[in-house]
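The values are calculated or read from the model by the stated rules, or taken from the named source; none is laboratory data. Everything numeric here is computed off the predicted structure, so don't read it as measured data. Reconstructed Cβ throughout: ideal geometry from the backbone, glycine too, with neighbour counts over all protein chains shown.
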């Protein structure tokens with residue numbers, strides 16, 4: 001974003017960057033930036049807190065009054081991410097003859113559909129749609145069991161996009177199951193949904209097992225590493 005800010009400024013368009021890393025912002029000499037020590041993915045800090053979010057934006061737009069740059073200001077509040085997995089009851093499976101993750105994904109479908117209806121959109125779709133999630137998990141299960149990853153039929157051949165779609169399918173369904181999308185419960189903190197996916201679901205375990213299998217098969221670094229967040 002700091003690089004794009006320079007491009008836009010060169011075209012005569014004033015910019016403000018909401019920064020999550022002060023040292024990078026300073027090194028890039030970003031024209032105007034508000035450094036926000038918030039969990040990644042939450043540039044305005046607090047979900048569903050309009051007053052707090054408006055405060056962030058007000059401070060950011062105030063940087064337009066600076067006489068000279070680059071200028072980096074800091075938001076006064078620090079928000080520490082709680083990475084405790086959210087508590088979410090996973091619907092029961094239907095067919096014990098299927099790989100556990102495949103059966104589980106089928107059981108999550110109604111919750112996912114309710115989530116899409118509530119939000120009016122979905123983040124699933126980089127390489128597969130919701131219909132393709134069970135089959136994709138079947139492929140990852142086969143890889144985890146020893147099938148050559150190059151011949152497994154990964155949709156689009158892109159493991160990163162595939163795993164993004166699977167995780168998004170689950171997280172959207174999970175947020176619906178805990179009531180966060182209909183206002184009956186608070187939005188889970190920080191990486192709570194991510195932690196739930198990788199630590200509590202069969203799909204998350206399958207993704208990680210396939211990731212390790214691809215690595216063990218000497219798959220190239222990008223093919224396995226980005227199947228999950230780097231800290232995992």
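A few comments on the model shown:
- Residue 98 fulfils the conditions (1) surrounded by 15 or more Cβ atoms within 10 Å (Cβ to Cβ); (2) modelled with pLDDT of 90 or more; (3) closer than 26 Å to residue 189 by Cβ except for a single criterion, (3).
- Residue match in the range 118-126 (condition: under 20 Å from residue 194 (Cα atoms) and either in a helix (DSSP H, G or I) or more than 17 Å from the chain's Cα centre (by Cα) (or both)): yes
- Filtered by the rule that a residue be in contact (Cβ under 8 Å) with a residue 24 or more places away in the chain and more than 20 Å from residue 96 (Cα to Cα), the range 130-149 gives 130, 146, 148, 149.
- Residue check for residue 177: in contact with a helix residue (DSSP H, G or I) (Cβ under 9 Å, 6 or more places away or on another chain) and closer than 18 Å to residue 41 by Cα: no
- Verdict on residue 189 being over 20 Å from residue 109 (Cα atoms) and under 14 Å from the mean Cα position of the chain (by Cα): yes
- The range 203-232, subset more than 13 Å from residue 144 (Cα to Cα) and assigned to a helix (DSSP H, G or I), residue nearest to the chain's Cα centre (by Cα): 225
Yes or no, residue by residue, for (1) within 23 Å of residue 207 (Cα to Cα); (2) assigned to a loop (DSSP other than H, G, I, E, B); (3) modelled with pLDDT of 95 or more; (4) not assigned by TED's automatic domain parsing to the domain that holds residue 37:
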residue: 69; (1), (2), (3), (4): no, yes, no, no
residue: 85; (1), (2), (3), (4): yes, yes, no, yes
residue: 89; (1), (2), (3), (4): yes, yes, no, yes
residue: 106; (1), (2), (3), (4): yes, no, yes, yes
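Quick grid of which residues meet (1) surrounded by 14 or more Cβ atoms within 10 Å (Cβ to Cβ); (2) within 26 Å of the chain's Cα centre (by Cα); (3) modelled with pLDDT under 95; (4) not in a strand (DSSP E or B):
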| residue | (1), (2), (3), (4) |
| --- | --- |
| 12 | no, no, yes, yes |
| 25 | yes, yes, yes, yes |
| 34 | yes, yes, no, no |
| 38 | yes, yes, yes, yes |
| 44 | yes, yes, yes, yes |
| 55 | yes, yes, no, yes |
| 58 | no, no, no, yes |
| 62 | no, no, no, yes |
| 79 | yes, yes, yes, yes |
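- Out of 92, 47, 43, 39, sole residue that is within 30 Å of residue 133 (Cβ to Cβ) and touching a strand residue (DSSP E or B) at 6+ places or on another chain (Cβ under 9 Å): 43
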